[in-house]
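What follows is a short report on a single structure.
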Amino acid sequence: MSTSISASTAFIAALSLSSALLGAAPAAADNLSFAHIQTIGVSELTMAPDMAEIQVEVSLTKDSAKAAKDASDKAVSEFIERLLKAGIDKKHIASANLHLQPEYLYEQNKAPKLIGYQASRQVTVTLEQLSRLNDILDTALAEGLNRVNNIALKSSKEDEYLLKARQAAIKDAQAKASSLAEGFNQSLGDLWQVRYLDRRSVQPIMLQRSEKMAFDSGQAGYEFGEVTVSDSVEVIYKLKN
């Protein structure tokens, strides 16, 4: 490789352009005066879900605020009691505070008329056995929790796969750097810099159901799909003279 400044600069620019096609490069590399390769390694792994987090809610309207509160508290209390009897650990059950607000009837040329009070409370349940999802949702609906706000399918192996994703990203960065060096008839030198910003990501499978509808994976035609785990690492390698 030519030792002239212009040749090195042109070569670095060429490598930077090639690397940019593969991903963003570390900003710190802009001020390096020696020939180098900068690139980013990425990875994405998938795994089958084996657990779920569901958010169900009771929402109702009564004539008085007390009646609305009492009815919502009763529904939540009975639902939680049935969960505990079904073997769901208490630490996997979380209930939100009561949300209470008046409801008015609005008619043209008339003052708003109070027609009742709406109360709502949400319960979040973590299920370590995905096979129990239907039964738990049926229980919620039976106890008066008439809205299924969210269903997130997850995996108990997320931590294990996050480590695998990080190692895969490292190998991807190494492979890209080697490929670029070989493509430009250069020899890859020592690793100069590693920049890891912990951008790892776990994307659960999000399912949503309309209120007052039971979840049934067979009849509704749901396919669970896979949980996605991704990671990335930015690297700079020196090039040998």
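The values are calculated or read from the model by the stated rules, or taken from the named source; none is laboratory data. The structure presented is a predicted model; accordingly, all values stated were derived computationally and were not measured. In this analysis, Cβ positions are derived from the backbone assuming ideal geometry, glycine residues included, and neighbour counts consider all displayed protein chains. Accessible surface is based on the protein model in full, side chains and every heavy atom, while ligands, DNA and RNA are left aside. Shrake-Rupley method; radii C 1.70, N 1.55, O 1.52, S 1.80 Å.
Please verify whether the stretch 95-108 includes one or more residues that are outside any loop (DSSP other than H, G, I, E, B), surrounded by 13 or more Cβ atoms within 10 Å (Cβ to Cβ) and either of a type in the set (S, T, Y) or under 27 Å from the mean Cα position of the chain (by Cα) (or both). Checked against the condition, which is being outside any loop (DSSP other than H, G, I, E, B), surrounded by 13 or more Cβ atoms within 10 Å (Cβ to Cβ) and either of a type in the set (S, T, Y) or under 27 Å from the mean Cα position of the chain (by Cα) (or both), the stretch 95-108 yields at least one hit.
Scan the stretch 58-68 and give yes if some residue there is farther than 21 Å from V148 by Cβ and β-branched (V, I, T), otherwise no. Taking every residue of the stretch 58-68 in turn, none turns out to be farther than 21 Å from V148 by Cβ and β-branched (V, I, T).
Residue-by-condition table, conditions (1) at pLDDT 95 or above; (2) surrounded by 15 or more Cβ atoms within 10 Å (Cβ to Cβ); (3) touching a helix residue (DSSP H, G or I) at 6+ places or on another chain (Cβ under 7 Å):
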position: H92; (1), (2), (3): yes, no, no
position: Y117; (1), (2), (3): yes, yes, yes
position: V123; (1), (2), (3): yes, yes, yes
position: R132; (1), (2), (3): no, yes, no
position: E143; (1), (2), (3): no, yes, yes
position: V148; (1), (2), (3): no, yes, yes
position: A152; (1), (2), (3): no, yes, no
position: A173; (1), (2), (3): yes, yes, no
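Checking the conditions here, which among R209, R195, R199 is open to solvent by 80 Å² or more (accessible area, probe 1.4 Å) and modelled with pLDDT under 90? Steps first, answer last, please.
Details: R209 fails: open to solvent by 80 Å² or more (accessible area, probe 1.4 Å); R195 fails: modelled with pLDDT under 90.
Within the list R209, R195, R199, the selection yields R199.
Within the stretch 65-83, is even one residue in a strand (DSSP E or B), open to solvent by less than 60 Å² (accessible area, probe 1.4 Å) and touching a strand residue (DSSP E or B) at 6+ places or on another chain (Cβ under 6 Å)?
Keep residues of the stretch 65-83 that are in a strand (DSSP E or B), which gives none.
Within the stretch 65-83, none of the residues are in a strand (DSSP E or B), open to solvent by less than 60 Å² (accessible area, probe 1.4 Å) and touching a strand residue (DSSP E or B) at 6+ places or on another chain (Cβ under 6 Å).
Report the residue count in the stretch 73-107 for those that are within 24 Å of K62 (Cα to Cα) and out of contact with any Lys or Arg (no Cβ under 9 Å at 6 or more places or on another chain).
Total meeting the criteria: 8.
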